[in-house]
Amino acid sequence: MTGGMHRIFSGIQPTGNLHLGNYLGAIRHWVDGQSKEECLYCLVDLHAITVPQDPDALRQHCFEMAAALLACGIDPKQCTLFVQSAVREHSELAWILFCQTPLGWLNRMTQFKDKAGKNKEKASLGLYGYPVLQAADILLYHTTHVPVGEDQKQHIELARDIAGAFNRAAGQEFFTLPEPVIQKEAARIMSLRDGTKKMSKSDPSDMSRINLVDDADTIAQKFKKAKSDMVEGISYDPEERPEAANLIQIMAAMTGSTIQAVVAEYGSSNFATFKQALADAAVAHLAPINTRYHALLNDRAYVESVLAEGAEKARTIATETMVQVRKLSGF
């Protein structure tokens, strides 16, 4: 690491198109941070296979996700962008950490309970052990800070516990204990159909989200039909007016403004006027990304070269880490 700089690791699942929630909640912060810190951005395809995947579709999703990230402004000259499975040290370190992680620690992970639901007995061992692989992803690079949503904070705490266990067994402070970084601004963009639920690509209704591949007409139509309420005027009250609050937050993020400034400008407007202004702002912001994305889809050689170079850069760090881990593990 360059003196004084943090090393940031962020992963994203290659499970389909990015949506506005991904972009405002995480990706734009990745873009802003890449010139300030040492950043590694990873397409976590090993995590993706904790649920059944079509192999050809998974490979295509990795390519499309890489193209989308590049279109959003991820610069391979300023950061490291790579596919997780291209660096085999992730899997090797995960197994070593599996052997040092008590079952009791994993039993406390709430995300497994949420994802497995009533089919816990049919869930894969990979889904259960997902947080250990996530710890390996982070610790492999001696990551200092991990940007995460509030729902992932528990996993970073587990990574710290696992790092501490390894360090105690090794008799030295080998692994860095990573710090979670919770993005407060626009961290949770909600569904356009239900302001109490997070915007998600798994929602069966495409009208619930703005996809970064949506054209201008589609974006305008989705905002026009976004759920609103019968209260007069535009005000920010997440508890009583979740849909209005969500649209205000999106407008602030799209225009680089504040929630207070948006309310001051549109407080006396009706929803139709506000939604039109929001659609115009979103189209203006997202149109260049859309154009760049479609250009990159037609330049597969470039995108794949970026991923190959990124994997090589990541592998350089990972290989050095694993030389020491093997030694400390008795191999």
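The numbers here are math on the coordinates, done by the rules we state, and not lab data. Please read all numbers here as calculations on a predicted model, not as lab measurements. Methodologically, a virtual Cβ is constructed for each residue, glycine included, from the backbone with ideal geometry; neighbour enumeration extends over all protein chains shown.
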If amide hydrogens are placed 1.01 Å from N in the peptide plane, which non-local residues have theirs closer than 5 Å to the one on MET190?
MET199
How much of the pair distance distribution for the stretch 125-219 lies past 19 Å, counting alpha-carbon pairs only, in percent?
57
Net charge of neighbours whose Cβ lies under 14 Å from the Cβ of ASP237, counting Lys and Arg as +1 and Asp and Glu as -1
-4
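So, R0 is 35 Å and r is the distance between the beta-carbons of ASP299 and SER124; what FRET efficiency does that work out to, to 0.05?
0.50
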On a 0 to 90° scale, report how tilted helix 125-139 is relative to the longest principal axis of the chain, with both axes built from alpha carbons and the result rounded to the nearest 10.
80
How big is the convex hull of the Cα atoms of the chain, per residue, in Å³?
146
Using the Karplus curve 6.51 cos²θ - 1.76 cosθ + 1.60 with θ = phi - 60°, work out ³J(HN,Hα) for each residue of the stretch 296-308 in order, rounded to whole Hz, and write x for Gly and Pro.
5, 4, 8, 10, 4, 4, 5, 4, 5, 5, 4, 5, 5
Output needed: Cys residues of the chain lacking any neighbouring Cys C-beta below 4.7 Å, sorted by number.
CYS42, CYS62, CYS72, CYS99
Give me the distance between the Cα centres of the stretch 110-136 and the stretch 184-233, rounded to whole Å.
28
Over the chain, what relative contact order in percent results from Cα pairs under 8 Å that are six or more residues apart?
22
Among ILE234, PRO288, ASN211 the positive-end extreme of the charge dipole of the stretch 206-294 (Cβ point charges)
PRO288
Please sort by residue number the GluC sites (Glu not before Pro) in the stretch 129-177 whose DSSP state is loop and whose Cβ has at most 13 other Cβ atoms within 10 Å.
GLU173
Residue by residue through the stretch 321-331, which ³J(HN,Hα) values in whole Hz follow from phi under the Karplus form 6.51 cos²θ - 1.76 cosθ + 1.60 (θ = phi - 60°), with glycine and proline marked x?
4, 6, 4, 6, 5, 4, 4, 6, 8, x, 8
If you average over every viewing direction, what projected area does the convex hull of the Cα atoms of the stretch 184-331 give, in nm²?
13.1
Can you work out the FRET efficiency for the pair SER257 and LYS197, with r the C-beta to C-beta distance and R0 = 22 Å, to the nearest 0.05?
0.35
To the nearest 10 degrees, how steep is helix 153-170 against the longest Cα principal axis of the chain, on a 0 to 90 scale?
10
Choose one answer from MET230, MET190, MET109: the residue with the largest mean-square fluctuation in a GNM of the chain with alpha-carbon springs under 10 Å.
MET230
How large, in Å, is the stretch 267-331 by the Kirkwood hydrodynamic radius built from its alpha-carbon pairs?
16.4
Tail beyond 23 Å, pair distance distribution of the stretch 36-133 (Cα, percent):
40
Put in order of increasing Cβ neighbours within 10 Å, starting from the fewest, ASP214, ASP280, ASP151 give ASP151, ASP280, ASP214
What do you get for trypsin sites (Lys or Arg not before Pro) in the stretch 5-80 restricted to DSSP loop and a cutoff of at most 13 other Cβ within 10 Å of the site's Cβ?
LYS36, LYS77
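Which trypsin sites (Lys or Arg not before Pro) from the stretch 140-217 combine a DSSP loop assignment with at most 11 other Cβ atoms within 10 Å?
Details: sites: LYS153, ARG160, ARG168, LYS184, ARG188, ARG193, LYS197, LYS198, LYS201, ARG209; in loops: LYS184, ARG188, ARG193, LYS197, LYS201, ARG209.
Those that pass, being in a loop and sparsely packed, are LYS184.
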